[in-house]
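Visitor: Please find one structure pasted underneath; my questions will follow.
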Amino acid sequence: MEDRFIKSFEARVLKTIKRHQLAGKGKSRRIVVAMSGGKDSATTAYLLRKFAKRLGCKIAALYINLHIGNKEGYSERCLQAVKKFCSGNKIPLHVYDIKQETGCSICYIRSGVQQKLKLKNCAICGVVKKWILNKEARKLKAGRIATGHNLDDEAQTILMNFFKGNLMLNVNSGPATGIIEDRKFVQRIKPLYFMPEDEIRQYSMAMKLPVVYEKCPCAIDSYRIATRRFLNKFNNNTKRRIVDNFTGMLPLLRERAKAESSPVQYCKSCGEPARNNVCKRCMLIKRMQNNKIYK
Ligand code: SF4
Ligand SMILES: [Zn+2]
């Protein structure tokens, strides 16, 4: 029974990778997996490593230490899990330490901007992490960044943006992101895009992957929690229909977004690709530095 599940799970992930050409074409076939210490990114890295030869690509892992919690806190436990996973699976690991690089933890950055900007924890963290991922992936000469986003995450996000009345917010989503084409922009891919969370949990347990199963203590977005609770009243087929319906519309939405969006610029502060002359991450850092808490 378990063998059958494992085979079917792996076959479906491989199908997604091939159908959506997630491993890319040509020379830049190095994929960096953004590891969080959780089951989703560990499963992503494990399967990409397993399929690497068949797909003709090389795999590396990147862990961003955000310093959430104290010395034995959440980030530290995740780091230890990622180290164990990478050494057990012979995947080279690169660690980016936010404290070493910027002088403060993500919680400190958040506390400096949150009240004024009224942004959710994950919104701030997401901007900072995306910036780091893109920059570090380029340093590692990666053609792709793989993340562990799953069917539940995607169905929730689509529904949340629909409830907000702005499905266009999702336009950069899909199994492979990308309305932005730029030499400095590394495409993000989601090999588990169509895989339900409960199946990923089952797979990671069956394969005994060393992961942290607890949720990030900062993930307290009440809107997402409410959407998740609502969606969990339905089965995986419903979540799949939401995602399929959205991906069917995606080419049209992307065409519209491309026609309406301004050309990519380079942030005058950090040089990274941006929609305005200063990128979102640098705007946050600047706000934090101007804030009294920081001074
Ligand atoms: S759950 Fe939210 S706060 Fe926690 S690491 Fe992820 S994006 Fe950051
Ligand atoms: Zn910038």
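Visitor: With the other protein chains left in place, how much accessible area per residue, in square angstrom, belongs to the range 2-259 at a 1.4 angstrom probe?
Guide: Ligands and nucleic acids excluded, the result is 51 Å² per residue.
Visitor: Using Cα pairs under 8 angstrom and six or more residues apart, how large is the relative contact order of the range 2-259, in percent?
Guide: After rounding, I find 26 percent.
Visitor: How long are the semi-axes of the ellipsoid equivalent to the chain, from square roots of 5 times the Cα gyration tensor eigenvalues, in whole Å, largest first?
Guide: Ellipsoid semi-axes (Å, largest first): 28, 23, 21.
Visitor: At a probe size of 1.4 Å, how large is the accessible area of Tyr223, to the nearest 10 Å²?
Guide: For Tyr223, the solvent-accessible surface is approximately 80 Å².
Visitor: On to the next question. Using protein chains only and a probe of 1.4 angstrom, how many square angstrom of Asp97 are accessible, to the nearest 10?
Guide: Its accessible surface works out to 30 Å², give or take rounding.
Visitor: Okay, moving on. Considering only protein heavy atoms and a probe of 1.4 Å, how much of the accessible area of the chain is carbon and sulfur, as a whole percent?
Guide: Whole-percent figure for carbon plus sulfur exposure: 52.
Visitor: Roughly what % of DSSP beta bridges within the chain run antiparallel, to the nearest 5?
Guide: Working: 3 of 20 bridges.
Beta bridges within the chain, antiparallel portion: roughly 15 percent.
Visitor: Report, in listed order, any pair from Lys71/Lys239; Lys71/Lys120; Lys239/Lys286 with a Cα-Cα distance greater than 32 Å. Write down the numbers at each step before the final one.
Guide: Working: Lys71/Lys239 38 Å; Lys71/Lys120 24 Å; Lys239/Lys286 39 Å.
Beyond 32 Å between Cα atoms: Lys71/Lys239; Lys239/Lys286.
Visitor: Okay, moving on. Is it possible to state the helix-based mean residue ellipticity at 222 nm for the chain, with each DSSP H run of 4+ residues giving -39500 (n - 2.57), the sum divided by total residues, to the nearest 500 deg cm²/dmol? What is it?
Guide: -17000 deg cm²/dmol
Visitor: At what distance in nm do the modelled label points of Glu214 and Lys84 sit from each other, each positioned 7 Å from its Cα along Cα→Cβ?
Guide: 1.4
Visitor: How far apart, in nanometres, would the label points at Lys164 and Arg54 be if each is projected 7 angstrom from Cα along the Cα-to-Cβ direction?
Guide: Modelled inter-label distance: 3.7 nm.
The values are calculated or read from the model by the stated rules, or taken from the named source; none is laboratory data. All of these numbers come straight from a predicted model, not from anything done at the bench. Reconstructed Cβ throughout: ideal geometry from the backbone, glycine too, with neighbour counts over all protein chains shown. Note: areas computed on protein heavy atoms with side chains; ligands, DNA, RNA excluded. Shrake-Rupley method; radii C 1.70, N 1.55, O 1.52, S 1.80 Å.
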